[in-house]
Each structure stands twice: as structure tokens, then as C-alpha cells.
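All remarks here apply to the structure that follows.
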Amino acid sequence: MNEKLYINQTKDVFDAIVVGSGISGGWAAKELCEKGLKTLMIERGRVVEHRKDYIGESKGPWEFPNRTKVDNLLVEQQYKIQKQCYAFNDATKHFFGNDSELPYSTEEGTNFSWIRANQLGGKSLLWHRQSYRYSDFDFNANKADGHGNDWPIRYKDLSQWYSHVEKHIGVSGAKENLPQLPDGDFLPPFEFTAPEQAFKQSLEANFPDRKLIIGRAAHLTKPSEFHISQGRGQCMARNECQKGCSFGAYFSTQSSTLPAAVKTNNLHIAPNSVVHSLIYDEVTNKVKGVRVIDNDDLSTREYFAKVIFLCASTLGSTQIMLNSKSSKFPNGIANSSGVLGHYLMDHNYNAGASAEIEGFEDEYYSGRSPTGIYIPNFYYEPSKYNKKFVRGYALAGGTGRTDWRGKAWNKGIGKDFKKHLTQAGKWHISLGAQGEMLPRYENMISLHQTKTDKWGIPQLHINCQWSDNEKLMMEDAAVQAENILIKAGYSNVTRYTSYHVNAPGLAIHEVGTARMGKDPADSILNGYNQTHDIPNLFVTDGASFCSSAVANPSLTFMALTARAVNYCVNEMNNHRI
Amino acid sequence: MTDFSKNTSINENTRRSFLKQLTGAIGATTAYSLLSGNNLAIALAYNDNKELLDRIPLLFSKTQLITLASICQTIIPKTDTLGGADVDCHGFIDHQLFHCHTEEEQQNSLAIVNKIETISLQYFGHSFHKLECEIQTKVLNYLEMTKHFSSIDSNHFKSLKALIVFGYFTSEIGATKALNYQAVPGGYKGSIPYNENAKSWGSLSYY
Ligand SMILES: Cc1cc2nc3c(=O)[nH]c(=O)nc-3n(C[C@H](O)[C@H](O)[C@H](O)COP(=O)(O)OP(=O)(O)OC[C@H]3O[C@@H](n4cnc5c(N)ncnc54)[C@H](O)[C@@H]3O)c2cc1C
């Protein structure tokens, strides 16, 4: 460990504090440091060092006691909620939060699966790296159909910041010229399989409003000089990213933003520091610092800075704000509007279809693609909406040849069966819906009246449900996905919906609860992620979203963060902060 | 019939039996809290270097484990690569059911192993593991055809068989010798030629 980098007690007043070290916090710290600000990154969890702490990486399944599955008892005691995440297994479990230590409650009759990754790097270690720009159809949606408040920004405000981010992190993808899914500054795309190429042709011929593209993913398919100089290398196509990648081939805080911030010598990190609340000075109307409780020994300490960036994840940042009470802000800091905690959204990943593909027996693939195929939203503006619901969804999926995992259920005993198991089987295809969720006042988080966690911080109480709009959308998505596969001539097509089984949370795209807006009376942040009420307080993670849009949100967290830092530093230089 | 590698570790057996006993005595959850998560995982880490008869199984009796070993070897026999029992699928299954499966799945697996033994004795006059290979195959074929066996038996067998297949192809031999293993592929190609005699990939993303 770098002694100078990691600190515990200090009386220094930093130029900036960043709370959180995930995708958003990493970006805030890098940008602030590169602009010359002495920055303290505060992280509640332990230090995870690049390479050294990727303890599940590069192991065969036989090297795990339960062949990558997690022991029942351990799940029961520590991971009851986290286990619902598809990426949770014995090789990744140490990057997930311990549910027994991180309790929260849900309103009776509702549920929310809150997936956490409380460590240096946050969920950037675990994410699936799908990276898409939002378009003006997304930023305009609330205004166009009247759900939620209008985003105070448009694509032109963000496009240069998307480029800025993409060049740094490296996003693989192909230019497609689609109005609803702007192109970016891409590295070469991952390849399609042969059946995917055929599927693309059939889809685009049968449905002129639909396109099949390769999933855009934050992987270095062809690292630039800059990436290499950062110690990052080309993607090896192991698709075991969530264990950590010593090649630094996918974007994480550890591989990308942290080295950039460290290089400036302006960064300090306070790990194991759970932010309890913000210290607010009513006289100057500024936040002065944060109150911290030690993650391990529960002792308390404070850190001070001129500006504060909350990047503690959507629910984490809002929890801190709700818990920062003063006589001026009795219901949470910067909450004069009263909307803090409201308009919680996730994406709805609860419908899809799959099928078998005849032929292509002489085709195979080499390596494990870390991305998949993607059909961008085709209901992207009111005139294109389905009549039964508003907004839309994308369909994401993939193809592959059936292996022993599927064949294990077939009949057969002995030599021929063994041979059958070792051969590549039939091609199959699956498509899963990724639906937009409407911003609704009723979907909200608040602090529990009585329950606290082991740090004495009030627990979050979550009240969030799918509305009829989301359910109808999933019903349609299942039918459309099925229809697409039938039209492509595939066999054994089956469809499903699962919104009755899965509560919100599992798309792990939670956004909203401290939304932006033009009007301080019904929003927390302005168009630069600065709180309307307190000029030196910024919230740049998903909490700031006005709508969930359709595509994966994290690239937009990064772009918003970089833009907010740029604005903040300019304001500081001009003495307005 | 099968032969098994010889390698005993008294310590390991003692520890496993201690844990088994402790769990039996005070309940799994309490036993678990006594031993911190990690230590328990290490203590109970499955290890395939065990002499069959010296092993203290967690779920199956020693006799049942012998039957199970023969079932594993019958489903996945030795060919140019080792078979199911050769790579200790039975030991793995005993471990895996205990640690990662529900009580119902455990009971169903025990029941089907017992049933296979009963039918073997009843129709062929010998324990399953003493039967000729062809007869062993026949018994398991009957099971899949629900001849002499019920459809419930057949369903239980389906799950057990899937677990045997899982055990085999997640073993080192299964993943790297019976299949083609790419630890570090070096990049992704969407299209390469394939013929049906080639082995499929044993290196998979486990989600
Ligand atoms: C399996 C998985 C797959 C995903 N796939 C995708 C994808 O393909 N594309 C996409 O766009 N998104 C994806 N996501 C979502 C993505 O990971 C998150 O949107 C993103 O990481 C959020 O970044 P963040 O920095 O705001 O929050 P986080 O990454 O969660 O980081 C927040 C940090 O703040 C810290 N913190 C919280 N509270 C406090 C406190 N009180 N005091 C101090 N520190 C605190 C936490 O410990 C954490 O380190 C996926 C997520 C998961 C888990």
C-alpha cells in the first residue's frame, strides 16, 4: 500500500472531497485531480488493489471448493440478496456487499433487490461494461409524454463529454448512424457469430424499424498508446471480467480512472470510511466536510473540503443527503423542494424469448465474447410508441452452441453419451428485454424511523414497484422477441415474462431520487449536477437522473460527472463557489 | 468396475468428520457461526485425492457411495479420457449436494441411488457395482425409459445425472482433457470452422 495515498486522520482542508470510488467517484476524482485540485476520495469499504486483490481470477472451476457455486450456508447468512445477481458466484462473491451488515427494509407488499459492492472501485469491478450514449429522444422523453420532469440538458450538452469519457476508458463498438442511439468514439467492435450475421439480415429485412448491432462494451479491443501507457492491455476474451482483470482490459476504477488520478499526485484516499452525513454551515450556506464512521472500529472522524461531490451510488448518495439534517434542512440537505428520495427507477429486465437455430454445424467461435447482440429501442418517440404503454425497450442477447450444460439433461448413458456431451451442439439464441421504467413520485426511498445499521446510520426504507406501464411493456417485449425469432425461421421458440417474480433492483441500474431539473421547486440538482440549494455540493451519480432512459446508464454517469467537474472548477476559479 | 487412486489424508478426514458431527449436533447454522465463513470454506474444501473407502462421506453412506461411483462411471465411462468415477464425481457429488443443494435434492439423490441398488438386486441378483458394464448401462437405460422404475425415479435420476455431468466437466480432467480448454483465448473470433469430431470448449463463463 502506498502510505501517502491512503490516509486516515488529517486536519487538512482539501480542495475537493469525492464520496465513493465506483464508476462515478473514480471519474470525479480523476477530473478534479487533473484540474489541479487536492482531492480526497472517501470510500466506505476496503482497499482493492489492481491485480493483487483479484483472488478469483484465472482459476479453473476445479480450483473452487464448490466448482464456482457458493455454499448454501454462506449465502443464507451473508448473501441472501446479492445471490440474486447473475454475476454472484464463488469467484466474485468477495466483491459483493455482505447483506447481514447492510440491512434495509421495504414497504409491505413490495420488494427491491439492492445489489451493493462496497469497496474501492465499487461496482466498476462487477459491471457488465455495456456502454451506450443517450440520445435527445431520451432527454426529451419526459417533456414529450408528460411523465416526470424535463431533463435540464440535451444531447448537445453531453456529446463532447461522452467523447472525452470514451477516449479514456475505451469503448468497442460499430458506428450505426441510428437516431435513437448516437455513435461514439469507438475502438473496433467485437465480431458477430455466423448465425448472428444471418439473424441481422433477416431481422432488418422483416422489420425495417429494427436493427441488430453488436453490443458496445468498455473493453480494449485495440488499446491506444495512451491505454498501454496506463498499464492497460488488449482484451483476451476470457469473459471472466467480474473476477477482476489483470490485463486491465475492461474499464474499472482500478484499471483506468484511479491510475490517472494517482499520477497527478493530487489524490488521497480515505478507505474504510463510512460517510454518515455532511457537515453544513448555515451561515455561509456551504457544506464544509463530512462526518465519517470507521468501517472497522466504528470510531468517528471528520474530513473537510471546499467542494463536495457525492458519488456514493444512487441510493448511497441520497441516503447520505437524507441523513444530513439541520434546522434549515430538516428533511435532508438541499431538499427544499421535498423531492429528495422520490422518483426511484431501475430498468425492467423481465421478458424475453429464446430459440434453436438449425444449421451452421460447421461454424464455431473462439474465445468468450464479453458482449452480445443488441436491438436498440424501436419505440423511441411518442409517434412510434406502442398504443398500450409509453416509452420502450431494447432487446439484448446472444447466440452460442449448446454445450454439456444443456446436454446434461438429454437421455443417454455411456460412451456415445460422453461423446455427445463433448461435441458442440445446436446453435441457440436468446433475447432479453431491457425496458425503461417511468419516474413516479410513489417509488421512493426514505430513512427508516427506528432501524439503524451497525454504524448507527438509519437504514433505507424502499418503496418501489413496477407500474402497469412497465408490466404491459414486458408483455409486449416477450411477444415481439418471440415474433422476431419466429420470423427468422428458428425452431422451438419460447417466450417468458418475469416481472411478477423479480422486484426492481436486479437490473442494477437504479437511478433517480435526487433528480436534476430547471425548477428548484421540484428538483434537487441543476443541469450541472449542482444542488440548487447549496452551491458547493454536487451529486453526479445515478441519483441525478430524471428518467431511466432505455440503455445502460453508467457511461452517462461518467459523462455527467466529467461535465460537472469542469463546471465546478470554472465556478471556483471565478469565485462563485 | 472401477479403480480409484490411492491417497489418504487422516487430517482431512478427521476435520471433515468433525465438522459433520458438529453440524449434526448443533445445526448447520450454529456450526457455521462458530467457524468463520472463510475457515469453514477452507476446512470443507472439496479435495479429490481421496481413497474411496477411507473417505468419510457427508451425505451418502460408504455403501451408497460405492453405488454412486459405479453410476458415475457408467454414465461417463473411461474412453481416451478418464471416466466419471476416475475423476471422483461421486465424492464431488457427496460434497456438492451437502454444501450447495436443498435438503429435498439431497433426499431425492439418496433415494434414486438406493432405488438403483434395489432394482439391480431384484432383477439382476447383484449389487449395481458388481454388475457387468453392459448390465449397468441397461439398468440406467431402463431408468430413463421408466421400465421397472417410476417416472418420479426417472426425474430424480435426471437431476443426479446433470450433477454428475457438471462434476465431470468442471473437474480438471473433464474441462481440459475431455474438452478443449482456453484459459486465455487471446481475443475473440466470431467464426471459426468446426467439425463434429472436434471437442467443444471446456473453458466457459460461469454465470
Ligand atoms: C453485475 C453488474 C452488471 C452491470 N452491468 C452494467 C452495464 O453493462 N452497463 C452499465 O452501464 N451499468 C452496469 N451496471 C451498473 C453499474 O455497475 C453502476 O451503474 C455503476 O457502477 C454505478 O457507479 P457509481 O460510482 O455511481 O456507484 P458504485 O459503483 O456502486 O460506487 C459507489 C461507491 O460508493 C461507496 N459508498 C456508498 N455509500 C458510502 C458512504 N456512506 N460513505 C462512503 N462511501 C460510500 C460504495 O462503497 C462504492 O464503492 C452493472 C452492475 C452490476 C453489479
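The values are calculated or read from the model by the stated rules, or taken from the named source; none is laboratory data. Note that the coordinates shown come from a computational prediction; the quantities given were computed from them, not determined experimentally. Cβ coordinates were reconstructed from backbone atoms using ideal geometry, including for glycine residues, and neighbour counts include every protein chain displayed. In case anyone asks, the SASA skips ligands and DNA or RNA and just uses the protein heavy atoms, side chains included. Shrake-Rupley method; radii C 1.70, N 1.55, O 1.52, S 1.80 Å.
Calculate how steeply helix A:468-487 sits against the longest principal axis of the alpha-carbon atoms of chain A, using the helix alpha-carbon long axis, and give the answer as 0 to 90 degrees to the nearest 10.
30
Return, ordered by residue number, the residues of the stretch A:247-267 whose backbone nitrogen is under 14 Å from a label point located 7 Å along Cα→Cβ of A:Lys4.
A:262-267
Taking the mean number of other Cβ atoms within 10 Å as a proxy for protection, how do you rank A:366-372, A:226-232, B:122-128, A:64-70 from highest to lowest?
A:366-372, A:64-70, A:226-232, B:122-128
Per-residue counts of other Cβ atoms within 10 Å, averaged by peptide: what ranking do you get for A:204-214, A:187-197, highest first?
A:187-197, A:204-214
Over the whole of B:97-109, what's the average partner chain Cβ count within 10 Å per residue? Rounded to a whole number, please.
Working: counts 0, 3, 8, 12, 2, 1, 1, 0, 0, 0, 0, 0, 0.
What the average comes to for B:97-109 is 2.
In whole angstrom, note down how far apart the Cα centers of the stretch A:503-558 and the stretch A:260-296 are.
Between the Cα centre of the stretch A:503-558 and that of the stretch A:260-296, the gap is 20 Å.
To the nearest whole number, what is the average tally of beta carbon atoms from other chains within 10 Å of the beta carbons of peptide A:419-427? Could the numbers behind the result be given before it?
On the way: counts 5, 0, 9, 13, 8, 8, 1, 0, 0.
Average per residue, whole number: 5.
Which Cys residues of the protein assembly as shown have no other Cys beta carbon under 4.7 Å away?
When partners are defined as cysteine Cβ atoms under 4.7 Å apart, the protein assembly as shown leaves A:Cys33, A:Cys85, A:Cys235, A:Cys241, A:Cys245, A:Cys311, A:Cys464, A:Cys546, A:Cys568, B:Cys100, B:Cys133 without one.
Kindly state, to the nearest 0.05, the FRET efficiency for A:Asn573 paired with B:Val184, given R0 = 51 Å and r defined as their beta-carbon distance. Provide the component values of the computation, followed by the final result.
On the way: r = 47 Å, r/R0 = 0.93.
Here the calculated transfer efficiency is 0.60.
Viscosity 0.890 mPa s, temperature 25 °C: Stokes-Einstein D of chain A from its Kirkwood Cα radius, in µm² per second?
101
Please compute the length gained on full extension between A:Ser383 and A:Arg154, using 0.36 nm multiplied by the number of residues separating them and subtracting their Cα-Cα distance.
Working: separation 229, 0.36 × 229 = 82.44 nm, distance 1.98 nm.
That pair, A:Ser383 and A:Arg154, stretches by 80.5 nm at full extension.
Of B:Lys115/B:Lys138; A:Lys419/B:Lys138; B:Lys130/B:Lys199; A:Lys93/A:Lys325; A:Lys419/B:Lys177, which sit over 24 Å apart, Cα to Cα?
B:Lys130/B:Lys199; A:Lys93/A:Lys325
For the stretch A:304-452, give the magnitude of the charge dipole about the Cα centre (Cβ charges: +1 Lys/Arg, -1 Asp/Glu; no others), in debye to the nearest 20. Kindly include the intermediate steps, with their values, before the conclusion.
On the way: 18 positive and 11 negative charges, 101 e Å.
Computed about the Cα centre, the dipole is about 480 debye.
Taking the Cβ-Cβ separation of A:Asp185 and B:Gln106 as r and a Förster radius of 56 Å, what is the calculated FRET efficiency to the nearest 0.05?
It comes out at approximately 0.55.
For the stretch A:148-187 and the stretch B:64-88, compute the distance between their C-alpha centroids and round to whole Å.
55
What is the Cα centroid distance between the stretch A:321-343 and the stretch B:161-205, reported in whole angstrom?
A separation of 54 Å, based on Cα centres.
Over the stretch B:89-207, with the other protein chains present, what is the accessible area per residue in square angstrom, probe 1.4 angstrom?
Counting only protein heavy atoms, the per-residue value for the stretch B:89-207 is 43 Å².
Which one of A:Ile445, B:Ser200, A:Gln201 is farthest out on the positive end of the charge dipole of the protein assembly as shown, using unit charges on Cβ (Lys, Arg +1; Asp, Glu -1) and the Cα centre as origin?
Among A:Ile445, B:Ser200, A:Gln201, the one farthest towards the positive end of the dipole of the protein assembly as shown is B:Ser200.
What is the dipole size for the stretch A:257-391, taken about its Cα centre, with +1 at each Lys and Arg Cβ and -1 at each Asp and Glu Cβ, in debye to the nearest 20?
It works out to roughly 980 debye.
With a 1.4 Å probe on protein heavy atoms only, work out how much accessible surface A and B bury together, total over both chains, in Å² to the nearest 100.
5700
Could you tell me which of A:Val283, A:Leu73, A:Asn469 has its Cα farthest along the dipole of chain A towards the positive end, charges placed at Cβ (Lys, Arg +1; Asp, Glu -1), taken about the Cα centre?
About the Cα centre, the residue reaching furthest to the positive side is A:Leu73.
Tally the DSSP beta bridges in the protein assembly as shown and give the antiparallel ones as a percent, rounded to 5.
Antiparallel bridges make up about 70 percent of those DSSP assigns within the protein assembly as shown.
Where does each of A:71-81, B:99-109, A:505-515, A:163-173 land if you order them by average Cβ count within 10 Å, highest first?
With the highest mean Cβ count within 10 Å placed first, the list reads A:505-515, A:163-173, A:71-81, B:99-109.
With each run of n ≥ 4 DSSP H residues scored as -39500 (n - 2.57), what mean residue ellipticity at 222 nm is computed for chain A after dividing by its residue count and rounding to the nearest 500 deg cm²/dmol?
Details: 12 runs with 129 residues, N = 577.
Helices in chain A give a 222 nm mean residue ellipticity of -6500 deg cm²/dmol.
In the protein assembly as shown, what percent of the accessible surface is made up of carbon and sulfur (1.4 Å probe, ligands and nucleic acids excluded)?
Numbers: 14920 of 30120 Å².
For the protein assembly as shown, the apolar C and S fraction of the accessible surface comes to 50 percent.
Are there residues in the stretch A:354-369 whose accessible area shrinks by at least 10 Å² when all protein chains are included rather than the chain by itself, and which are they (probe 1.4 Å, ligands and nucleic acids not counted)?
A:Glu361, A:Asp362, A:Glu363, A:Tyr364, A:Tyr365, A:Ser366, A:Gly367, A:Arg368, A:Ser369
Evaluate E = 1/(1 + (r/R0)^6) for A:Ala205 and A:Leu178, where r is the Cβ-Cβ distance and R0 equals 22 Å; express this FRET efficiency to the nearest 0.05. Numbers along the way, then the final one.
Working: r = 17 Å, r/R0 = 0.78.
The calculated FRET efficiency here is 0.80.
Please average, across the residues of A:279-285, the number of beta carbons from any other chain that are within 10 Å of each residue's own beta carbon, and give a whole number.
Across the residues of A:279-285, the mean count of other-chain Cβ atoms within 10 Å is 0.
Accessible area per residue for the stretch A:1-145 in Å², computed with a 1.4 Å probe and the full protein assembly in place, what is it?
Value returned for the stretch A:1-145: 38 Å² of accessible area per residue.
Let me have the relative contact order for chain A, percent, based on Cα pairs under 8 Å that are six or more residues apart.
22
Of the cross-linked pairs A:Lys83/A:Lys487; A:Lys387/A:Lys487; A:Lys11/A:Lys35; A:Lys4/A:Lys286; A:Lys418/B:Lys158; A:Lys35/A:Lys143, which ones have a Cα-Cα span greater than 27 Å in the structure shown?
Listed pairs above 27 Å: A:Lys83/A:Lys487; A:Lys4/A:Lys286; A:Lys35/A:Lys143.
To the nearest 20 debye, what is the magnitude of the charge dipole of the protein assembly as shown about its Cα centre, counting +1 on the Cβ of each Lys and Arg and -1 on the Cβ of each Asp and Glu?
Here the protein assembly as shown has a charge dipole of around 700 debye.
What angle do you read, to the nearest 10 degrees and between 0 and 90, between the alpha-carbon axis of helix A:23-34 and the longest principal axis of chain A?
50
Once Lys and Arg get +1 and Asp and Glu get -1 on their Cβ, which of A:Asn8, A:Thr92, B:Ile116 lies farthest toward the positive end of the dipole of the protein assembly as shown?
Highest projection toward the positive end goes to A:Asn8.
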